[in-house]
Every structure is written in structure tokens, then in C-alpha cells.
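The values are calculated or read from the model by the stated rules, or taken from the named source; none is laboratory data. The model shown is predicted, which means the values in this text are computed figures rather than measured ones. Neighbour counts are summed over all protein chains in view; Cβ atoms, including those assigned to glycine, are modelled from backbone coordinates with ideal geometry.
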Amino acid sequence: MRTPLPLSAALLLAGAACTPEQGAPPLPGQAPEAVAAAAGADKPAGRPGAEEFPVPPPPFTEGVFPCSQCHEDLEPNLERRELGMHEDKQPLRHGDRERWCFDCHNPKPRDMLRLASGTLVPFSESYRLCGQCHGDKYRDWKVGVHGKRTGSWNGKKQYLLCANCHDPHAPHFKALQPLEPPPRPAEIHD
Amino acid sequence: MNPKDQREPGMAGSQLPEASSRRDFLARAAAAVAGAVLANCSPEEREAYLQKHFRELTKDELARVLSRLDADYTKRFGKPFRVGAEPALANTLFGYALDLSRCIGCRRCVYACVKENNQSREPKVHWITVLEMKKETGVDVMDSDAYYRAEQVPREGHFYMPVACQQCRNPACVRVCPAGATWSEPDGIVTVDYNWCIGCRCCMSACPYGARHFNWTEPKLPSEEANPETHYLGNRPRPRGVVEKCTFCVQRTRKGLYPACVEVCPVGARKFGNLLDPASEVRYVIENKRVFILKEELNTQPKFFYFYGV
């Protein structure tokens, strides 16, 4: 991804310990290019050592993205509190005692995710965020063993983002109703 | 002619020529019966009856067989059918890996398989059997339940083990077939030629995995549900009285696609690939995960591996 110039400048000024290609100072000024890139329109081609995974677009709930459409004018509030708006639809069931919004979401620009290092990551590369804690799953996912692959066993494969199967706010799989069992032998001989 | 009169040509007063033996007589009688039966058949039926073994067909003969089947199925199902016979790909040995720590027993694979492979809808024929087992006892086939019904899976205290053909490298089913109607292909798929299967079901009793299934009645396959993309050794519609089994979706995998069960699994528990390719998913599983094969002690040498991805 291209490095947004204002962001880099802010980064240098803040002197934060960030990766060179993308920085997230504690609360820098809004960087419009970074927001545009966050939806995943921009591919991560420029990032050194970037691995390309053919993933579908992030499965946003309709109308929630970009986050900035509502949060643009709201002052980020880092306090843990009752959220109402997001929590009634999406209660956090993902290490909710240890974790809060801004462990993963970036306060400003709001339309990016944020690694522990401060690096900003677009939603289209959310696996880098998940991989910070779930390193073993990330490793397996990269080689096609964790998660589903479709397409061709000897050619092009379609990957899925972690969030395509796991709700990031409640990642445990939901139970399913099983389909019909097979007939018992006696039922066939009738 | 009453065959009883002819049974003992050596007896006094026999009207058969002297050199005639029991063997000659039987051969001639069989030919006469076959001739009489075939005389009543359509040319297509006669051709199907006299068809050579699949592996002995020349290129031209195979093309004729396939076009005969195309026409037959197209007429029967009222939509264009294609019966292919794509040969095994070079340097390919198919293998499968299934993650027992992921499978939730939802049976989506069972029905994706039925849809892809044109199994009989009534009576139901399933190539995949999902066994429900108790976490307390672990993998124990004798203590498993294939007929579980539940509001929701996975059920508390249970895990699930889907079993289909294990595509053995030392397949007992192939060894016992008296007709040579089933064999291991060069890419490791154990296939059945439905035109040569005599329905004796020896293979079913030899298979330790319950992976072979018999068409007890004329399979019912509604034409709107039929998958017209087929392979001679795979998912082409079967007649009554033949045995069928998982073919790793030969009609898909020989074109580079994943099997249908891999693509439908909602938890990504199913992995498929080339065992000869060190970069394949199955090779990664075998080299990096805890893997076992079912009923290892029988020396069937499956190419189907169960693993714990955890």
C-alpha cells in the first residue's frame, strides 16, 4: 500500500516506534488517503515482503462501513463502558475481559485496524491482526490447512478472511442443524 | 429343447455327436442363450452388453462408448449430458485429509456429494457416512452412531468422524472382485466400471470401511437434480444392481478442481491434494500434524488421513 504522506509526516514528528510502511501515532490527524485505502480497494502490493492471499471483500454488516461516516466527528473515547449502539447487536465474546474496541480498531483514522505495534492494517488484510494472537492458526491458514479453500487443488485457490467464517466479535462457531441421517438397511429392503 | 435330456451325453442312446463333451455343450448352450437374448435387444443394448473391459478399449471404441452413453443419458434425463473419461494426470497420487478437531457433524458434505455424484435419491444412497462418537471413548467405530438426529451439532461430549472410501493402496475390494470390475487408477482412485459390475457385492463385504454401496432398486434421480457433467468411472447415472463408491469426485479432480465435499464443508475440515507434491495441503498436514489412518492394522494403506489441526 502507498504510504500516505501526511501520515508519514505525522509519524516522524510523533517519533513513535512504528513499522516504516505504515504508522499509527497515538492520535494523529485524519489522513484521508488511509481511509480510502481501508475498505480494501487498494491492494497490499507495495508492502515489502507482502504475501498476496486471494481473499474476498470483508463481510461488513450492511451500512456499518466506513466507520468514519458516523465516527468522523465523534471524539474517540478510550474508556471501557456500555456501548448501546454496537453492543446490542454485537456483544463482545472474544476475550471480552481483556479486550476493548481500540485493541483492534484504530481510533483515528477510524476505518483502519491497528496491530499491537501500531501499524495500521486495512480490513481487507484483517488476517494480519488476527495472526498476532493466533499465530499457529495464521501459519496453517497461509498454507491452506486452517480454513476452507475452494478453486483448484493444483492451481488458483480462493482463500477466505478469518472474518468470513468467524465473527470477529464472537468467533466461536455457531451450532448447526445436521441434515437427515442415511436410511437404515431395513428401510431400503422394504 | 429340454436340457435335462442332454445333460449326460455319455449315456447310451445319446443323440449328440460322440466327441461332444460337457464343456462343449455348455459353451454352445450359453452362446445360444446369449444369442437369443441379444436378438431381442436394441443395437445400443447389444453394444453395451458386448462392450470390452474399460481398460482394454481402444481410443475409437472408448469414444463410441462415451457417445452412446451421452445419447442414452441425454434422452433419459431430457437435458444434455456429457460423459467424460479423462485419464489420470501425470505425477499425481491423490490424498485426502480430514480434521477431526474441526468437523461438527452437520452432514453438509454428505448431501453435496449426493448432488455432485448423482446418487439415488430414493432409496437414498450416501457415499459419506458421518459417525458420531463419544469424546469419552475416543475413536471407536463399534460404539459410534451413524443415524444421529439432533436439533444442533456438535452435541455436548461428542465428536464426528465422516467415513467414505479410504482409497486404499492395498484395496481388499479390488482383490475380491471376481469380474475385474473395480481397480486402482494410476492417480490412486479406486474406481468401478458399472458396465462390468455383476452386483455380487463381494467388494462390499471385503471393505472394512462400509464405503461401498449397492443399488438395490432402480436408482431414482429426478432429471432436474441430475448433474450432467460426468465421468465414465465416476458420477454417471448407475443402473440397478451395481456397486458404487466415492471416487474423490474424479470428474472434478482430474480437471484440477477440489472434490465437492471439500468445497461445501462449512468449517474447512476437509483437505485434498497431490501426495507427490511437497507443497500440497495434504503433505503439509502429514508432515506437521498428528495424523492417523482408520484401521491401520488391516494393512489396507488408505490415502485418507484423519488429523487433529487444533
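Against the conditions (1) of a type in the set (Gly, Ala, Ser); (2) surrounded by 12 or more Cβ atoms within 10 Å (Cβ to Cβ); (3) modelled with pLDDT under 95; (4) farther than 16 Å from B:Asn195 by Cβ, B:Ala48 satisfies every one except (4).
For B:Glu151, the conditions (1) in a loop (DSSP other than H, G, I, E, B); (2) without any contact (Cβ under 8 Å) to a residue 24 or more places away in the chain; (3) within 23 Å of the chain's Cα centre (by Cα) all hold with the exception of (3). I'd like the residue in region B:261-280 that is surrounded by fewer than 22 Cβ atoms within 10 Å (Cβ to Cβ) and not in a loop (DSSP other than H, G, I, E, B) and, out of all such residues, is nearest to the other protein chains (Cβ to nearest Cβ). By that ranking, first place goes to B:Glu263.
B:Glu132 meets each of the listed conditions (1) outside any loop (DSSP other than H, G, I, E, B); (2) among the acidic types (Asp, Glu); (3) more than 27 Å from the chain's Cα centre (by Cα) apart from (3). The condition (being in contact with a strand residue (DSSP E or B) (Cβ under 6 Å, 6 or more places away or on another chain), among the polar types (S, T, N, Q) and free of Cβ contacts under 8 Å to residues at least 40 places away in the same chain) is satisfied by just one residue among B:Ser205, B:Ser184: B:Ser184. Within region B:210-219, is even one residue of a type in the set (Asp, Glu) and under 19 Å from A:Pro185 (Cβ atoms)? Yes: one or more hits.
Please indicate, with yes or no, whether at least one residue in region B:223-230 is without any contact (Cβ under 8 Å) to a residue 40 or more places away in the chain, buried (at least 18 other Cβ atoms within 10 Å of the Cβ) and either under 24 Å from B:Pro80 (Cβ atoms) or away from chain A (no Cβ under 14 Å) (or both).
Filtering region B:223-230 down to residues without any contact (Cβ under 8 Å) to a residue 40 or more places away in the chain leaves B:224.
Add one more test, that the residue is buried (at least 18 other Cβ atoms within 10 Å of the Cβ), and what stays is none.
Checked against the condition, which is being without any contact (Cβ under 8 Å) to a residue 40 or more places away in the chain, buried (at least 18 other Cβ atoms within 10 Å of the Cβ) and either under 24 Å from B:Pro80 (Cβ atoms) or away from chain A (no Cβ under 14 Å) (or both), region B:223-230 yields no hits at all.
In region A:84-134, of all residues being in a loop (DSSP other than H, G, I, E, B) and within 12 Å of the chain's Cα centre (by Cα), the one that is nearest to A:Cys67 (Cα to Cα) corresponds to A:Asp111.
Within region B:118-145, residues that are modelled with pLDDT under 95 have Cβ atoms under 6 Å from residues that are assigned to a strand (DSSP E or B) in these pairs: B:Glu122/B:Lys220, counting only partners at least 6 apart in sequence or on another chain.
Within region B:102-129, the set of residues being in a loop (DSSP other than H, G, I, E, B), at the interface with chain A (Cβ under 10 Å from one of its Cβ atoms), more than 19 Å from B:His231 (Cβ to Cβ) and in contact with a Cys (Cβ under 9 Å, 6 or more places away or on another chain) comprises B:Arg102, B:Cys106, B:His126. B:Cys168 meets each of the listed conditions (1) surrounded by 20 or more Cβ atoms within 10 Å (Cβ to Cβ); (2) within 9 Å of chain A (Cβ to nearest Cβ) apart from (2).
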